[in-house]
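Here's the structure, in structure tokens; my notes come after.
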Amino acid sequence: MDKPAEIVERIRVLMLDGGIAPSPANYEFWYRYVTGADAQLVEAVDTVRRNAGRVSARSMDLIRRELYGRALDDNVVKLLDQTQSQLNRMAVYVVQTEGDTRTFTEALRDGQATLASAHDPEMQRALLTEMVNATAAMIEKTERLESELMLSVGEIAKLREDLERERSESRTDTLTGLPNRKAFNAYLEAQAARALADRKPLSLLFGDIDHFKRFNDTWGHRLGDEVLRLVGQSFEQMCHGTGYAARYGGEEFVVVLPGKALEAAEDIAEQFRDFIASRTVRTRQSSRDIGSITMSLGIAQLRWTDTLDQLIERADAALYRAKEMGRNRVCTELELEEAAA
């Protein structure tokens with residue numbers, strides 16, 4: 001993988017070429033592309049770059065919507081509405097100013113013509129006074145408009161910051177840095193639709209840390225949080241370029257594996273289970289070795305007749321079957337069927 005500085009430079013160039021704003025959400029998109037974290041994203045971006053030479057903001061949004069779905073919450077929608085409202089106010093200011101400017105120009109033109117034909121000094125003085133007053137009024141209106149526009153620009157800039165923060169936070173788990181449940185739901189919906197349309201497999205993997213409550217109660221929530229971060233980082237590392245890992249909630253994680261049938265997904269899950277079990281947890285203060293982590297994992301494959309809830313329920317049931325069978329193991333939905341039979 002490239003060095004961090006090289007990755008940042010590549011992202012900067014790609015965003016600059018496409019005229020893309022350097023927001024957290026956009027940076028995340030290009031980070032996943034540059035590092036090859038998502039094979040589908042790499043393929044989609046490369047296709048656009050081959051055809052158009054660059055990826056514009058619109059093309060980026062289309063790719064993101066197709067692959068990751070939409071996960072806007074009420075706060076984001078509210079901020080979008082507020083931003084649109086501010087833009088509408090600015091448009092009204094501009095239209096009003098155009099009308100005032102047109103009226104002022106016509107008044108000056110008429111006054112100039114009348115002044116040229118007037119010979120009475122009193123009439124000339126009165127006309128000049130009117131023109132001066134009209135000019136002063138126009139200057140006042142222009143200054144007021146400038147003040148209103150500056151205020152609106154500031155408010156829109158603040159709304160943009162809030163919007164990007166909301167977009168980022170609404171899709172990211174703050175503890176582990178992984179996508180959160182909302183982002184997972186949007187991604188699964190988008191990928192399931194693609195899988196069914198393209199007649200390609202898709203598997204879903206649920207993973208749960210074994211005896212996490214006991215671990216938390218014994219060593220404290222701070223160390224428990226460190227364990228969650230470690231597992232989250234491990235999922236991200238193991239699924240790089242293969243699947244989409246997210247934190248589902250609590251000590252439960254989920255991975256969407258586009259293009260992977262049940263057998264291939266089971267191999268990935270076994271590799272991850274071995275990898276996690278080989279990691280050792282140590283306390284930061286004393287560097288004391290407090291043991292290893294084990295996980296139970298369950299897998300289900302998307303069926304043509306499935307709803308997303310049915311797919312999730314089978315993967316979750318397979319996970320709890322793995323728990324029942326002694327933990328630290330992988331269980332697929334086939335074992336559920338065998339147990340039922």
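Throughout, read-outs are computed from the coordinates displayed, never taken from laboratory work. This is a predicted model, so every value here is computed, not measured. Methodologically, a virtual Cβ is constructed for each residue, glycine included, from the backbone with ideal geometry; neighbour enumeration extends over all protein chains shown.
Data for the structure
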item	result
Contour excess over end-to-end distance, with Cα ends at residue 325 and residue 340 and 0.36 nm allotted per residue	4.0 nm
HN-Hα J in Hz across segment 238-249 - Karplus 6.51, -1.76, 1.60, θ = phi - 60°, x for Gly and Pro	6, 9, 4, x, 10, x, 10, 9, 8, 8, 7, x
Within-12-Å neighbourhood charge of residue 224 [Cβ basis; K, R +1; D, E -1]	0
Estimated inter-spin distance, residue 9 and residue 282, nm [label 7 Å along Cα→Cβ]	3.5 nm
Links that overshoot a 29 Å alpha carbon limit, given the list 3/323; 182/323; 213/260; 260/323	3/323; 213/260
Shape of segment 4-68, Cα gyration tensor, a/c cut at 1.5	rounded
Order by protection proxy (mean Cβ within 10 Å, highest first), peptides 32-39, 255-262	255-262, 32-39
Shape of segment 298-341, Cα gyration tensor, a/c cut at 1.5	prolate
Largest-first principal axis extents of the Cα set of segment 181-340 (Å)	54, 32, 23
Leading residue at positive end of dipole, segment 204-341 (Cβ point charges), from 227, 242, 330	227
Within segment 181-340, percent of DSSP bridges classed antiparallel, to nearest 5	90 percent
Among 311-322, 58-69, the order from most to least packed when residues are scored by Cβ within 10 Å on average	311-322, 58-69
Distance in nm between pseudo-label sites at residue 21 and residue 264 (7 Å out along the Cβ direction from Cα)	3.8 nm
